[in-house]
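This report concerns only the one structure given below.
The values are calculated or read from the model by the stated rules, or taken from the named source; none is laboratory data. Everything numeric here is computed off the predicted structure, so don't read it as measured data. Virtual Cβ from ideal backbone geometry, glycine too; neighbours counted across all protein chains shown. Ligands, DNA and RNA are excluded from the accessible area calculation, which covers all protein heavy atoms including side chains. Shrake-Rupley method; radii C 1.70, N 1.55, O 1.52, S 1.80 Å.
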Amino acid sequence: MAYLKVSGTKLVDQNGKEIILRGTAIGGWMNMENFISGYPGCEFQIRAALAEVVGNEKSEFFFDKFLEYFFSEADAKFFASLGLNCIRIPFNYRHFEDDMNPRVLKKEGFKHLDRVIDLLAKYGIYTILDLHTAPGGQNTDWHSDAGTHIAKFWEHKDFQDRTVWLWEELAKHYVGNTWIAGYNPLNEPTDPYHTRIVDFYDRVYTAIRAIDPHHALFFDGNTFASDFSHFGDAHKRWDNSAYSIHDYTLFGFPSSPEKYVGSEAQQRRLRRSYEKKREWMDARGLCVWNGEWGPVYARKQYEGELTDQINEERYHVLKDQLSIYNKDRLSWSIWLYKDIGFQGMVYVNLDTPYMTLFKDFLAQKHRLAIDAWGADETHVRPVYQPLIDLLQKEIPAEHQNLYPFPVWKLSDRVGRLARNVLVAEFLVRPWAEHFRGKSLEELDAIAKSFSFENCVHRDGLNKILTDNAKLVAE
């Protein structure tokens, strides 16, 4: 088997045959995220808090078991049965390097990553390796695991140097693995100057290519993989590379401006948003990969009798997006494979030890809207609206739209800092206290809640994905 290559606008195999990659991402696994597994704040915060509550040995045991159970052969077999052929694997740099011991490779970081790559290869599934969290935080959000809304990665060369070093180590390890479709060097960067991102991509491209001339590279656009407008002619320096957009639409979220009915006007908005993200590539005949997209779903414990109606609306959005993608023969990885019930293709059953233990805590999280992703802030809007009103009154309008506007509007910035950073920080220790006094056997059972046999299948979503898994060859 040979490496996949980028040829013009397409990915192709060794015979020049077009390969369309369609699949998902194992988000929340080697890069944990709060809405995916139910904790508050950032991964580094809960790992530290759990170690304080139960000790390092038990904490490390729990997180290792979580990684083991979250994706197993049963998951790989199920995924393959859907007819999909690719999984993006987001990972946190901390699995491979310690901030207090930089540039010293933690070889144990490969333990579960190698295991899952090999499992997926057994079932004929390609993987794309995605550095979701880089030193210093490459974007302004929680999933860069930096605990702040300032992306320090762009302000300190050493953070960038360490990231280049890590990709060199990863390239050495995976250079001969043809089941890896490629490397996604940096997830959703937010460089407010729009130029440092190109400089970094030049560096990481050169570093990887010196070791691994074979694997395709998938470069995210700036501002959460939405903007390539400052890339100029950089593509001429990057051979065998594709370009990644993340095509989320507000119609798939609780903050949707209106009910989605698939009207001509709404479909035009879907298409225009998608086309705008990829226009730089289209103007140059480059390969586009949709590295993330997909709606979130209602849950009966929160949305009650409206759940089915809301989810049918979200499936409508999903189908209309897929109709657009199919016309362009687009490769994509939908977000995401597994979680606790908000977006996953499979999700943890409510009667498992984890979901039972955290039932009231998760309800509190939902009520306080301390996760940014798909938050319904109805219950707490009266608390934060006066602050938004004050800022709008006191700050001149031309200074209210701080980067990463327009992705973040003023109200989003207030929510990130006040709810998702400040309030979430106060709930980190209460989350960890749920584990106090637990034995190793109990910790194992809690972690095993995330195993495939303890998950519910989102059949409506999975059927739609299977129906769109393959396209007829041109």
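Condition check ((1) small (Gly, Ala, Ser); (2) open to solvent by less than 10 Å² (accessible area, probe 1.4 Å); (3) modelled with pLDDT of 95 or more; (4) over 21 Å from the mean Cα position of the chain (by Cα)) across all residues:
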position	(1), (2), (3), (4)
Asn290	no, yes, yes, no
Pro295	no, yes, yes, no
Arg299	no, no, yes, no
Arg329	no, no, yes, yes
Asn349	no, no, yes, yes
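Going through Ala447, Ala397 one at a time, which residue ends up being modelled with pLDDT of 95 or more and farther than 30 Å from Phe62 by Cβ? Quick ask: steps written out before the conclusion?
Working: Ala447 fails: farther than 30 Å from Phe62 by Cβ.
On inspection, the qualifying residue turns out to be Ala397.
Identify the single condition in (1) out of contact with any Gly (no Cβ under 6 Å at 6 or more places or on another chain); (2) open to solvent by less than 50 Å² (accessible area, probe 1.4 Å); (3) part of a helix (DSSP H, G or I) that Phe435 does not satisfy, given that it satisfies every other one.
(3)
When you check Tyr3 against the structure, is it at negative phi, at pLDDT 95 or above, assigned to a loop (DSSP other than H, G, I, E, B) and over 24 Å from the mean Cα position of the chain (by Cα), yes or no?
Yes; evaluated as a whole, the condition is true for this residue.
Which of the numbered conditions does Tyr39 fail, given that it passes all the others? Conditions: (1) open to solvent by 20 Å² or more (accessible area, probe 1.4 Å); (2) not in a helix (DSSP H, G or I).
The single condition Tyr39 does not satisfy is (1).
Could you tell me whether Lys327 is touching a residue at least 60 places away in the same chain (Cβ under 8 Å) and out of contact with any His (no Cβ under 9 Å at 6 or more places or on another chain)? Step through it out loud before you land on a result.
Numbers: touching a residue at least 60 places away in the same chain (Cβ under 8 Å): no; out of contact with any His (no Cβ under 9 Å at 6 or more places or on another chain): yes.
The answer is no for Lys327.
Which of the helices (runs of 4 or more DSSP H) contained wholly in the range 137-253 include at least 3 residues that are open to solvent by 10 Å² or more (accessible area, probe 1.4 Å)? Walk me through how you get there before you give the answer.
Values: elements: 157-174, 196-209, 222-225.
In the range 137-253, the matching helices (runs of 4 or more DSSP H) lie at 157-174, 196-209.
Condition check ((1) touching a strand residue (DSSP E or B) at 6+ places or on another chain (Cβ under 8 Å); (2) aliphatic (A, V, I, L, M)) across all residues:
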{"site": "Val6", "(1), (2)": "yes, yes"}
{"site": "Gly27", "(1), (2)": "yes, no"}
{"site": "Asn34", "(1), (2)": "no, no"}
{"site": "Cys42", "(1), (2)": "no, no"}
{"site": "Gly55", "(1), (2)": "no, no"}
{"site": "Pro90", "(1), (2)": "yes, no"}
{"site": "Asn101", "(1), (2)": "no, no"}
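If Tyr403 satisfies all but one of (1) hydroxyl-bearing (Ser, Thr, Tyr); (2) in a helix (DSSP H, G or I); (3) open to solvent by less than 60 Å² (accessible area, probe 1.4 Å), what's the number of the condition it fails?
With respect to (1) hydroxyl-bearing (Ser, Thr, Tyr); (2) in a helix (DSSP H, G or I); (3) open to solvent by less than 60 Å² (accessible area, probe 1.4 Å), Tyr403 is out only on (2).
Conditions tested, residue by residue: (1) over 26 Å from Val317 (Cα atoms); (2) open to solvent by less than 40 Å² (accessible area, probe 1.4 Å); (3) not in a helix (DSSP H, G or I).
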residue: Val407; (1), (2), (3): no, no, yes
residue: Gly415; (1), (2), (3): no, yes, no
residue: Arg419; (1), (2), (3): yes, yes, no
residue: Leu422; (1), (2), (3): yes, no, no
residue: Asn462; (1), (2), (3): no, yes, no
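Being open to solvent by 50 Å² or more (accessible area, probe 1.4 Å), of a type outside the set (S, T, N, Q) and within 16 Å of Phe66 (Cβ to Cβ): is that true of Leu440 here? Break it down into steps so the answer makes sense when it comes.
Numbers: open to solvent by 50 Å² or more (accessible area, probe 1.4 Å): yes; of a type outside the set (S, T, N, Q): yes; within 16 Å of Phe66 (Cβ to Cβ): yes.
Here the answer is yes, as Leu440 does meet what is asked.
Would you confirm whether or not the range 31-47 contains a residue that is closer than 17 Å to Lys65 by Cα and hydroxyl-bearing (Ser, Thr, Tyr)?
Checked against the condition, which is being closer than 17 Å to Lys65 by Cα and hydroxyl-bearing (Ser, Thr, Tyr), the range 31-47 yields at least one hit.
Output the residues belonging to the range 55-107 that are in contact (Cβ under 8 Å) with a residue 12 or more places away in the chain and among the polar types (S, T, N, Q).
Result: Ser59, Ser72, Asn85, Asn92.
Which of the following residues is open to solvent by 70 Å² or more (accessible area, probe 1.4 Å) and either among the aliphatic types (A, V, I, L, M) or farther than 23 Å from Gly252 by Cβ (or both): Arg429, Arg367, Arg381?
Arg429
Looking only at the range 268-276, decide whether some residue is out of contact with any Asp or Glu (no Cβ under 9 Å at 6 or more places or on another chain) and modelled with pLDDT under 95.
No, the range 268-276 contains no residue that is out of contact with any Asp or Glu (no Cβ under 9 Å at 6 or more places or on another chain) and modelled with pLDDT under 95.
Considering the range 291-306 alone, what residues qualify as being without any contact (Cβ under 8 Å) to a residue 24 or more places away in the chain, of a type in the set (A, V, I, L, M, F, W, C) and either part of a helix (DSSP H, G or I) or in contact with a strand residue (DSSP E or B) (Cβ under 9 Å, 6 or more places away or on another chain) (or both)?
As a first pass, look at the range 291-306 and keep what is without any contact (Cβ under 8 Å) to a residue 24 or more places away in the chain: 298, 300, 303-306.
From the residues that got through so far, the ones that are of a type in the set (A, V, I, L, M, F, W, C) too are 298, 306.
Correct list: Leu306 only.
Sort out which residues of the range 65-108 are assigned to a loop (DSSP other than H, G, I, E, B) and open to solvent by 40 Å² or more (accessible area, probe 1.4 Å), and write them in order of number. Let's see the steps before the verdict.
Initially, the range 65-108 is screened for residues assigned to a loop (DSSP other than H, G, I, E, B), giving 71-72, 82-85, 96-97, 99-100, 102-106.
Answer for the range 65-108, where residues must be assigned to a loop (DSSP other than H, G, I, E, B) and open to solvent by 40 Å² or more (accessible area, probe 1.4 Å): Asp99, Met100, Pro102, Arg103, Val104, Leu105, Lys106.
Does the range 121-129 contain any residue that is without any contact (Cβ under 8 Å) to a residue 60 or more places away in the chain and assigned to a loop (DSSP other than H, G, I, E, B)?
Step one: list which residues in the range 121-129 are without any contact (Cβ under 8 Å) to a residue 60 or more places away in the chain, which gives 121-124, 127, 129.
Filter again for assigned to a loop (DSSP other than H, G, I, E, B), leaving 123-124.
For the range 121-129, residues without any contact (Cβ under 8 Å) to a residue 60 or more places away in the chain and assigned to a loop (DSSP other than H, G, I, E, B): present.
Could you pull out the residue among Gly23, Gly28 that is touching a residue at least 12 places away in the same chain (Cβ under 8 Å), under 20 Å from Val346 (Cβ atoms) and part of a loop (DSSP other than H, G, I, E, B)? Spell out how you get there, then give the answer.
Numbers: Gly23 fails: part of a loop (DSSP other than H, G, I, E, B).
After applying the criteria, what remains is Gly28.
Under 8 Å by Cβ, and 6 or more places apart or on different chains, what pairs join a residue from the range 167-189 that is among the hydroxyl-bearing types (Ser, Thr, Tyr) with one that is modelled with pLDDT under 95 and open to solvent by less than 10 Å² (accessible area, probe 1.4 Å)?
none
Restricted to the range 254-287, and to residues that are in contact with a strand residue (DSSP E or B) (Cβ under 9 Å, 6 or more places away or on another chain) and part of a loop (DSSP other than H, G, I, E, B), which residue is surrounded by the most Cβ atoms within 10 Å (Cβ to Cβ)?
Ranking the candidates gives Cys287 first.
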